[in-house]
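*Asks:* Can you read through this structure? Questions will come right after.
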There are 2 protein chains.
Amino acid sequence: MEISAAQVKALRDKTGAGMMECKAALIEAKGNAEEATTILRKRGLAQATKRAGRSTQQGQVGAYIHAGGKIGVLVEVNCESDFVARTADFANLVKELAMQVAAADPRYVRREDVPAEEVDKERAIYRAQMEGAGKPPQVIEKIIDGKLNSFYEKIVLLEQPSIRDGAMKVSDLVAQTIAKVGENVSIARFARFKVGEGE
Amino acid sequence: MEISAAQVKALRDKTGAGMMECKAALIEAKGNAEEATTILRKRGLAQATKRAGRSTQQGQVGAYIHAGGKIGVLVEVNCESDFVARTADFANLVKELAMQVAAADPRYVRREDVPAEEVDKERAIYRAQMEGAGKPPQVIEKIIDGKLNSFYEKIVLLEQPSIRDGAMKVSDLVAQTIAKVGENVSIARFARFKVGEGE
């Protein structure tokens, strides 16, 4: 089992244990970082709740409180440098996205985040709705694809029409900011709490 | 299969479909509300993305942005009346809790929210740490319980010492607010985003 210096360093950053201890734990865990962490903890060499905490990316977390505290939104947007994270263009995007989430209530950042079962269930529902309508199969598939696209436009943040300008998608707003700041910009995650909605 | 008026009403509130349609769907779904929703949607009688949205509780969502946007927190606190939700005492608690989460980085609201596997893993680690120390079993169990308590104090919001007054737990702050406003008050949920930490 070959353990790389990068693996040792990552475990060291995570646990605060010494280099040699980290290497020994990794060898014992056959390179599995989580198992190595448990081994170190059992030996009393790593802290219980120390978290990775390393920022691999730059960016900003923005918040928006709506309707006198009945709805709250948190959004994280990433970019490549802290310099860009501090620009007004970037801050405006973060603010805009937080308001978008508050108003349009998306459930996922991107299409790939929607669970396959949810998509399958939608498909089955659309199909059942058209039963007995006497349409040819290829037309039915086209209609289902169209309905699925509308479904994504409702629940996927990047595909929603902008609440400020319905002719633009949220992904267009992100693209505009990328063009302005000259760095890649991506929406990392969001949370939206509505009082009483719980989880 | 007996379907209660309450079940029909709940389904109607959720889907926007008519009373009779809701009752028929519930009977067909043998009382299962989620299945009844799918049935209604297949019949085109319920909206795709309409959400429950009914507030069963009152309260406030508060946000706190720390370290120039590198950490953001969202917290929902519930009470019984909107009147109390609008008081300064309640708002102060919400603000205090958001700052607590930003600074002390809890992972769960209450002890019961910590997954059993996580607790079992901690126990196993503590036990391994004491192997060969030659302590009697009942002493070892006492030590493990003590270590588990410290673990909860680190990761459970309600059990954390207040960042403002270390002599008080967060649960004491909640109790103080309950005494002041004369209503039950509970922390519903929180989210904490740190730039680059992702999920």
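*Asks:* Mind listing just one residue for me: the one in the stretch A:60-77 that is open to solvent by less than 10 Å² (accessible area, probe 1.4 Å) and in contact (Cβ under 8 Å) with a residue 60 or more places away in the chain and, of those, farthest from the chain's Cα centre (by Cα)?
*Replies:* Filtering the stretch A:60-77 for residues that are open to solvent by less than 10 Å² (accessible area, probe 1.4 Å) and in contact (Cβ under 8 Å) with a residue 60 or more places away in the chain, the one farthest from the chain's Cα centre (by Cα) comes out as A:Gly69.
*Asks:* List every residue pair whose Cβ atoms sit under 8 Å apart, with the two residues 6 or more apart in sequence or on different chains, where the first one lies in the stretch B:185-196 and is closer than 15 Å to A:Gly62 by Cα and open to solvent by 10 Å² or more (accessible area, probe 1.4 Å) and the second, anywhere, is among the aromatic types (Phe, Trp, Tyr) and in a strand (DSSP E or B).
*Replies:* Taking only residues 6 or more apart or on different chains, the pairs are B:Ala191/A:Phe193.
*Asks:* Filtering the stretch A:80-93 down to residues that are within 18 Å of the chain's Cα centre (by Cα) and more than 10 Å from every other protein chain (Cβ to nearest Cβ), which residue is surrounded by the most Cβ atoms within 10 Å (Cβ to Cβ)?
*Replies:* A:Leu93
*Asks:* Something else: Collect the residues in the stretch B:94-117 that are within 12 Å of chain A (Cβ to nearest Cβ), open to solvent by less than 60 Å² (accessible area, probe 1.4 Å) and over 16 Å from the mean Cα position of the chain (by Cα), keeping them in residue-number order.
*Replies:* Matches in the stretch B:94-117: B:Ala102, B:Ala104.
*Asks:* While we're looking at this one, here's another question. Check off (1) within 14 Å of chain A (Cβ to nearest Cβ); (2) in a helix (DSSP H, G or I); (3) out of contact with any Pro (no Cβ under 9 Å at 6 or more places or on another chain) for B:Val139 and give me the number that stays unchecked.
*Replies:* (1)
*Asks:* Do you know which residues across the stretch A:66-96 are part of a loop (DSSP other than H, G, I, E, B) and of a type in the set (Gly, Ala, Ser)? Lay out the reasoning, then the answer.
*Replies:* Just the residues of the stretch A:66-96 that are part of a loop (DSSP other than H, G, I, E, B), to begin with: A:70, A:80-81, A:86-87.
A:Ser81 - this is the single residue of the stretch A:66-96 that is part of a loop (DSSP other than H, G, I, E, B) and of a type in the set (Gly, Ala, Ser).
*Asks:* Which pairs have Cβ atoms under 9 Å, sit 6 or more apart or on different chains, and link a residue in the stretch A:162-177 that is on the phi > 0 side of the Ramachandran plot to one that is open to solvent by 60 Å² or more (accessible area, probe 1.4 Å) and of a type in the set (D, E, K, R)?
*Replies:* Within 9 Å, no pair qualifies.
*Asks:* Please verify whether A:Lys147 is at the interface with another protein chain (Cβ under 9 Å from one of its Cβ atoms) and in contact (Cβ under 8 Å) with a residue 60 or more places away in the chain, treating the condition exactly as stated.
*Replies:* Numbers: at the interface with another protein chain (Cβ under 9 Å from one of its Cβ atoms): yes; in contact (Cβ under 8 Å) with a residue 60 or more places away in the chain: no.
No; evaluated as a whole, the condition is false for this residue.
*Asks:* In addition: Starting from the stretch B:112-136, keep only residues that are within 19 Å of B:Tyr152 (Cα to Cα), then list their pairs with residues that are in a loop (DSSP other than H, G, I, E, B) whose Cβ atoms are within a distance under 7 Å, requiring at least 6 positions of separation or different chains.
*Replies:* Once the first residue is within 19 Å of B:Tyr152 (Cα to Cα) and sits in the stretch B:112-136, its partners that are in a loop (DSSP other than H, G, I, E, B) give B:Gln129/A:Gly44.
*Asks:* For B:Ala133, all conditions in the list (1) more than 13 Å from chain A (Cβ to nearest Cβ); (2) among the hydrophobic types (A, V, I, L, M, F, W, C); (3) in a loop (DSSP other than H, G, I, E, B) hold save one; what is the number of the exception?
*Replies:* For B:Ala133, the exception is condition (1).
*Asks:* Looking only at the stretch B:184-196, decide whether some residue is away from every other protein chain (no Cβ under 12 Å), modelled with pLDDT of 90 or more and in a loop (DSSP other than H, G, I, E, B). Step through it out loud before you land on a result.
*Replies:* Step one: of the stretch B:184-196, the residues away from every other protein chain (no Cβ under 12 Å) are B:184-185.
When the remaining residues are screened for being modelled with pLDDT of 90 or more, the result is B:185.
Of the ones still in play, those that are also in a loop (DSSP other than H, G, I, E, B) are B:185.
Yes, some residue in the stretch B:184-196 is away from every other protein chain (no Cβ under 12 Å), modelled with pLDDT of 90 or more and in a loop (DSSP other than H, G, I, E, B).
*Asks:* Here's another thing I want to ask about it. Can you find a residue in the stretch B:47-59 that is open to solvent by 30 Å² or more (accessible area, probe 1.4 Å), farther than 30 Å from B:Asn184 by Cβ and free of Cβ contacts under 8 Å to residues at least 24 places away in the same chain?
*Replies:* yes
*Asks:* Any idea which of A:Ala103, A:Ala36 is within 30 Å of B:Gln129 (Cα to Cα) and either part of a helix (DSSP H, G or I) or modelled with pLDDT of 90 or more (or both)? Spell out the reasoning first.
*Replies:* Details: A:Ala103 fails: within 30 Å of B:Gln129 (Cα to Cα).
Going through A:Ala103, A:Ala36 in turn, just one is within 30 Å of B:Gln129 (Cα to Cα) and either part of a helix (DSSP H, G or I) or modelled with pLDDT of 90 or more (or both): A:Ala36.
*Asks:* Might you check whether a residue that is within 11 Å of chain B (Cβ to nearest Cβ) and either hydroxyl-bearing (Ser, Thr, Tyr) or open to solvent by 10 Å² or more (accessible area, probe 1.4 Å) (or both) occurs anywhere in the stretch A:153-170?
*Replies:* yes
The values are calculated or read from the model by the stated rules, or taken from the named source; none is laboratory data. As the structure is a computational prediction, the values presented were derived from the model and not from experiment. Cβ coordinates were reconstructed from backbone atoms using ideal geometry, including for glycine residues, and neighbour counts include every protein chain displayed. Surface areas here come from the heavy atoms of the whole protein model, side chains and all, with no ligands, DNA or RNA. Shrake-Rupley method; radii C 1.70, N 1.55, O 1.52, S 1.80 Å.
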